[in-house]
Amino acid sequence: MTSDNPAAIVVRQTGDKILVIDDEPIVRESIAAYLEDSGFTVYQAESGLDGMNIFRSEHPDLMMVDLRMPGMDGLEVLSTVLTESPDTPILVVSGTGVIQDAIEALRMGALDFITKPILDMAVLEHAVTTALERTQLRVENRRYREHLEEEVQQRTHDLTERTRALQESQAKFSAVIELFEGIIYTCTRDYRIEFMNRKLMEHIGRDAAGEICYNALYGQESPCPWCVNDIVFQGKSAQWEAKNPQDGCWYYGINTPIFAEDGQVAKIQSIAIDITKRKTAEEALREQEALLRAENVRLRSSLKGSGQFGPIIGKSAAMRKVYDTILKAAPTDNGVIIYGESGTGKELVAKTIHELSSRSQKPFITVNCGAIPDNLIESEFFGYKKGAFSGAVSDKPGFLELAHGGTLFLDEVGEINLNLQVKLLRAIEGNGHIPVGGNAPVYANFRVIAATHRNLHERVEQQMMRQDFYYRIHIIPIYLPPLRHRKEDLPLLVRYFLGLFTRDDAVFSLPESMTRAMQIYNWPGNVRELQNILQRYITLQEIDPCLMAKSTPSKIPPVSDADDPLFLLPSQSLSSLSDIRGDAEKSYIERCLQENQWKRGKVARILGVDRRTLFRKMKAYGLL
């Protein structure tokens with residue numbers, strides 16, 4: 001790359017060498033085949049030790065390392081490579097159950113992580129390309145900075161030598177100074193300027209000879225905090241780097257002594273160049289690092305437990321895939337489309353993405369696209385000006401303006417008409433929108449997250465959605481599974497809702513008949529229906545007839561209050577709330593064991609705990 005700008009776009013060179021280390025041949029060979037078709041040169045290793053040998057002999061441009069391998073695992077490979085070659089970008093590959101290892105790898109210095117199985121190789125190629133570009137930009141910036149410092153030192157040295165050689169010829173000395181693109185000035189021990197080159201005079205707009213240097217050049221009332229004159233008056237040259245508060249630019253300079261005939265330092269010569277471009281590039285890198293650190297903190301705080309991701313409940317494989325996509329989508333500004341049936345929690349996923357993003361402190365605006373009449377939809381989205389129509393007594397901002405800086409959530413996006421899609425697309429692409437009754441465009445910066453229960457691709461084929469609008473919102477798709485496809489999450493959801501709806505002084509348990517029915521039931525209303533049924537059960541102490549009728553062909557025998565109370569009240573024999581809870585838990589576990597022929601595996605699934613937890617409770621309650 002040839003550019004004077006360190007922030008210039010990095011173009012990936014074809015033939016970049018990539019080393020893939022994975023003990024699974026299918027994964028390793030499929031990655032290699034895809035990347036080779038994309039123009040990369042790929043080396044393969046089936047173990048960490050073999051991978052390190054190839055790394056030291058071939059010096060790849062990027063490495064992909066599986067975290068879980070026999071012998072030398074991925075974290076050890078990562079540590080060794082970063083010690084030997086800190087600039088080598090590394091992507092870690094992890095299974096869905098090793099998120100914590102992936103986070104540890106990112107903390108150690110990996111650029112990104114990819115979750116197996118890799119279903120979309122385009123996502124893999126994008127991660128590889130991004131890592132190569134980021135690394136090349138970092139290396140280019142460092143080389144640019146080193147080159148700039150060497151150039152400054154070399155120019156300073158040359159100018160100093162020329163100054164000494166041309167002291168007897170002021171004309172030649174002035175010619176050299178006039179050709180220099182930086183600033184040059186000399187000052188005395190009392191900080192008074194004696195000489196300024198033409199560049200400096202043009203910069204401040206006058207010849208400030210005779211004035212105090214720190215006041216005339218830097219707007220300070222006292223010597224500058226970065227001043228090195230004390231060192232220079234000892235006969236030594238000194239470098240400095242500072243931001244000028246007067247013009248806001250960064251400068252790198254070197255101050256050198258000018259000796260009198262008696263060998264004493266009489267004056268100081270200061271030579272400096274503008275390094276604002278370099279500092280801007282460095283600041284951009286620091287902001288990116290800070291963003292990654294903040295993202296790490298947000299992710300750690302959101303992962304409260306294996307069964308909960310922020311406010312989202314579930315630990316099934318399908319939900320872990322959703323969590324993985326959320327983690328990748330949150331730090332970007334790309335459009336997200338959430339597919340799912342009614343009641344699956346699409347808005348909850350959208351809010352989670354917003355809360356994990358850099359826009360979390362800005363508004364999250366929800367729009368139910370299917371609930372707005374066609375004659376009001378433009379004024380609702382784009383706002384209106386006073387007098388635009390009857391009843392418009394004042395200006396009103398639209399959804400787009402309200403979402404400025406934050407996230408616009410378009411629920412049921414498939415219901416937006418074609419005319420509005422055109423105008424909305426312009427606003428999403430940054431071309432602004434015009435309020436109803438206005439004539440000046442309004443520009444709003446927002447991220448779009450959409451949701452639908454429809455097949456948007458079919459809507460495009462039926463010409464009910466514009467293709468360009470579809471591709472703008474369909475960048476990162478997230479597919480929420482219906483509850484009937486993740487019934488292993490039912491115990492977690494039930495426990496969450498029971499804790500949400502019950503009082504602190506009551507302990508609720510579900511009848512076995514209801515638990516059995518819930519596992520059989522098809523849940524057409526998904527999580528929202530489950531929430532409704534549990535809230536009704538707690539409030540009315542009645543099981544929803546629809547649940548019982550549709551979950552079994554035969555009548556489920558009633559459960560007596562003596563065998564299965566809806567809730568337990570404190571008795572005189574119990575002295576504390578923990579005793580009450582323990583007694584209720586013991587009774588319910590014992591009844592479940594009896595009704596299921598003491599099959600611990602089945603009982604553990606019903607209770608929503610693992611076998612080890614069940615065994616520990618049985619031992620504590622004397623049920624072994």
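The values are calculated or read from the model by the stated rules, or taken from the named source; none is laboratory data. Small disclaimer: the values here were computed from a predicted structure and weren't measured. A quick note on method: Cβ atoms are made from the backbone with ideal geometry, for glycine too, and the neighbour counts reach across all protein chains shown. Surface accessibility is based on the protein's heavy atoms, side chains included, excluding ligands, DNA and RNA. Shrake-Rupley method; radii C 1.70, N 1.55, O 1.52, S 1.80 Å.
Do you know which residues across segment 512-536 are of a type in the set (Lys, Arg) and under 20 Å from Asn596 (Cα atoms)?
Just the residues of segment 512-536 that are of a type in the set (Lys, Arg), to begin with: 516, 528, 536.
Answer for segment 512-536, where residues must be of a type in the set (Lys, Arg) and under 20 Å from Asn596 (Cα atoms): just Arg516.
Among residues of segment 372-384 that are of a type in the set (Gly, Ala, Ser), those with a Cβ under 6 angstrom from a residue that is open to solvent by less than 40 Å² (accessible area, probe 1.4 Å), sequence gap 6+ or separate chain, pair up as Gly383/Gly398; Gly383/Pro435. Glu295 falls short on exactly one of the conditions (1) open to solvent by less than 50 Å² (accessible area, probe 1.4 Å); (2) at pLDDT below 90; (3) out of contact with any Leu (no Cβ under 8 Å at 6 or more places or on another chain), and that condition is (3).
Table: residues versus (1) of a type outside the set (Val, Ile, Thr); (2) touching a helix residue (DSSP H, G or I) at 6+ places or on another chain (Cβ under 8 Å); (3) open to solvent by 20 Å² or more (accessible area, probe 1.4 Å); (4) more than 30 Å from Lys277 (Cα to Cα).
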{"site": "Thr88", "(1), (2), (3), (4)": "no, yes, no, no"}
{"site": "Ala122", "(1), (2), (3), (4)": "yes, no, yes, yes"}
{"site": "Gln154", "(1), (2), (3), (4)": "yes, no, yes, no"}
{"site": "Thr160", "(1), (2), (3), (4)": "no, no, yes, no"}
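I'd like to check something: does segment 395-404 contain any residue that is touching a Leu at 6+ places or on another chain (Cβ under 7 Å), crowded, with 17+ Cβ neighbours inside 10 Å and at pLDDT 90 or above?
Applying the first criterion (touching a Leu at 6+ places or on another chain (Cβ under 7 Å)) to segment 395-404 yields 399-400.
Now narrow it down to the ones that are crowded, with 17+ Cβ neighbours inside 10 Å: 399-400.
Now restrict to residues that are at pLDDT 90 or above: 399-400.
Checked segment 395-404: at least one residue is touching a Leu at 6+ places or on another chain (Cβ under 7 Å), crowded, with 17+ Cβ neighbours inside 10 Å and at pLDDT 90 or above.
Can you tell me which residues in segment 57-67 are more than 18 Å from Leu124 (Cβ to Cβ) and in contact (Cβ under 8 Å) with a residue 24 or more places away in the chain?
Taking segment 57-67 first, the residues more than 18 Å from Leu124 (Cβ to Cβ) are 57-59.
Across segment 57-67, the qualifying residues are Glu58, His59.
Answer yes or no: is there a residue in segment 103-117 that is among the aromatic types (Phe, Trp, Tyr) and either part of a helix (DSSP H, G or I) or at positive phi (or both). Explain how you work it out, then say what you get.
Residues of segment 103-117 that are among the aromatic types (Phe, Trp, Tyr), as a first pass: 113.
From the residues that got through so far, the ones that are either part of a helix (DSSP H, G or I) or at positive phi (or both) too are none.
Among the residues of segment 103-117, not one is among the aromatic types (Phe, Trp, Tyr) and either part of a helix (DSSP H, G or I) or at positive phi (or both), which makes the answer no.
If only residues of segment 302-353 that are outside any helix (DSSP H, G or I) and of a type in the set (Asp, Glu) are counted, the one that is most open to solvent (accessible area, probe 1.4 Å) is Asp333.
Return yes or no: is Lys386 surrounded by 14 or more Cβ atoms within 10 Å (Cβ to Cβ) and not hydroxyl-bearing (Ser, Thr, Tyr)?
no
Within segment 215-238, take every residue that is hydroxyl-bearing (Ser, Thr, Tyr) and open to solvent by 40 Å² or more (accessible area, probe 1.4 Å) and give me the one that is farthest from Val265 (Cα to Cα).
Applying the first criterion (hydroxyl-bearing (Ser, Thr, Tyr)) to segment 215-238 yields 218, 222, 237.
Checking the rest, the ones that are also open to solvent by 40 Å² or more (accessible area, probe 1.4 Å) come to 222, 237.
Values: Ser222: 22, Ser237: 11 Å.
Once the filter is applied, the top-ranked residue is Ser222.
Evaluation of Arg426 against the conditions (1) in contact (Cβ under 8 Å) with a residue 40 or more places away in the chain; (2) assigned to a helix (DSSP H, G or I) shows that the sole unmet condition is (1).
Looking at segment 171-187, which of the residues that are in a loop (DSSP other than H, G, I, E, B) and either of a type in the set (Phe, Trp, Tyr) or open to solvent by 30 Å² or more (accessible area, probe 1.4 Å) (or both) is modelled with the highest pLDDT? Reasoning before the result, please.
Here is the first cut: in segment 171-187, the ones in a loop (DSSP other than H, G, I, E, B) are 180-182.
Imposing the further condition that a residue be either of a type in the set (Phe, Trp, Tyr) or open to solvent by 30 Å² or more (accessible area, probe 1.4 Å) (or both) reduces the set to 180-181.
Numbers: Phe180: 70, Glu181: 74.
By that ranking, first place goes to Glu181.
Scan segment 357-367 for residues that are open to solvent by 10 Å² or more (accessible area, probe 1.4 Å), touching a helix residue (DSSP H, G or I) at 6+ places or on another chain (Cβ under 9 Å) and not hydroxyl-bearing (Ser, Thr, Tyr) and the total you get is 4. Out of Leu498, Leu510, Leu492, one residue alone is under 19 Å from Glu542 (Cβ atoms), open to solvent by 20 Å² or more (accessible area, probe 1.4 Å) and either in contact (Cβ under 8 Å) with a residue 24 or more places away in the chain or part of a helix (DSSP H, G or I) (or both). It is Leu498.
Residue count for segment 195-232 satisfying the condition of being modelled with pLDDT under 90 and part of a strand (DSSP E or B): 2.
When Arg138 is tested against (1) in contact with a helix residue (DSSP H, G or I) (Cβ under 6 Å, 6 or more places away or on another chain); (2) farther than 19 Å from Arg28 by Cβ, only condition (1) is not met. Applying the criterion of being of a type in the set (D, E, K, R) and under 24 Å from the mean Cα position of the chain (by Cα) to the residues of segment 405-443, the residue that is surrounded by the fewest Cβ atoms within 10 Å (Cβ to Cβ) is Glu429.
Taking first residues from segment 205-216 that are closer than 14 Å to Cys227 by Cα and partners that are of a type in the set (A, V, I, L, M, F, W, C) and open to solvent by 40 Å² or more (accessible area, probe 1.4 Å), the Cβ contacts under 8 Å between residues at least 6 apart in sequence or on separate chains come to Tyr214/Cys227. Only one of the numbered conditions (1) open to solvent by 20 Å² or more (accessible area, probe 1.4 Å); (2) under 42 Å from the mean Cα position of the chain (by Cα); (3) at pLDDT 85 or above is not met by Arg142, and that is (3).
Residues checked against (1) at pLDDT below 75; (2) within 30 Å of Ala330 (Cα to Cα); (3) not β-branched (Val, Ile, Thr):
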position	(1), (2), (3)
His474	no, yes, yes
Val494	no, yes, no
Met514	no, no, yes
Met518	no, no, yes
Asn522	no, no, yes
Asn526	no, yes, yes
Pro545	yes, no, yes
Met548	yes, no, yes
Pro558	yes, no, yes
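Number of residues in segment 56-86 that are part of a loop (DSSP other than H, G, I, E, B) and either surrounded by 13 or more Cβ atoms within 10 Å (Cβ to Cβ) or over 24 Å from the mean Cα position of the chain (by Cα) (or both): the value is 11.
In this structure, Gly248 qualifies as exposed (fewer than 12 other Cβ atoms within 10 Å of the Cβ), more than 30 Å from Met108 (Cα to Cα) and modelled with pLDDT under 90. Residue-level check: of (1) of a type outside the set (D, E, K, R); (2) in a helix (DSSP H, G or I); (3) under 15 Å from Ile90 (Cα atoms), Val42 misses just (2).
Just a yes or no: is a residue in segment 396-409 under 20 Å from Val436 (Cβ atoms) and charged (D, E, K, R)? Walk me through how you get there before you give the answer.
As a first pass, look at segment 396-409 and keep what is under 20 Å from Val436 (Cβ atoms): 396-404, 408.
If we keep only those that are charged (D, E, K, R) as well, we get 396, 401.
Within segment 396-409, one or more residues are under 20 Å from Val436 (Cβ atoms) and charged (D, E, K, R).
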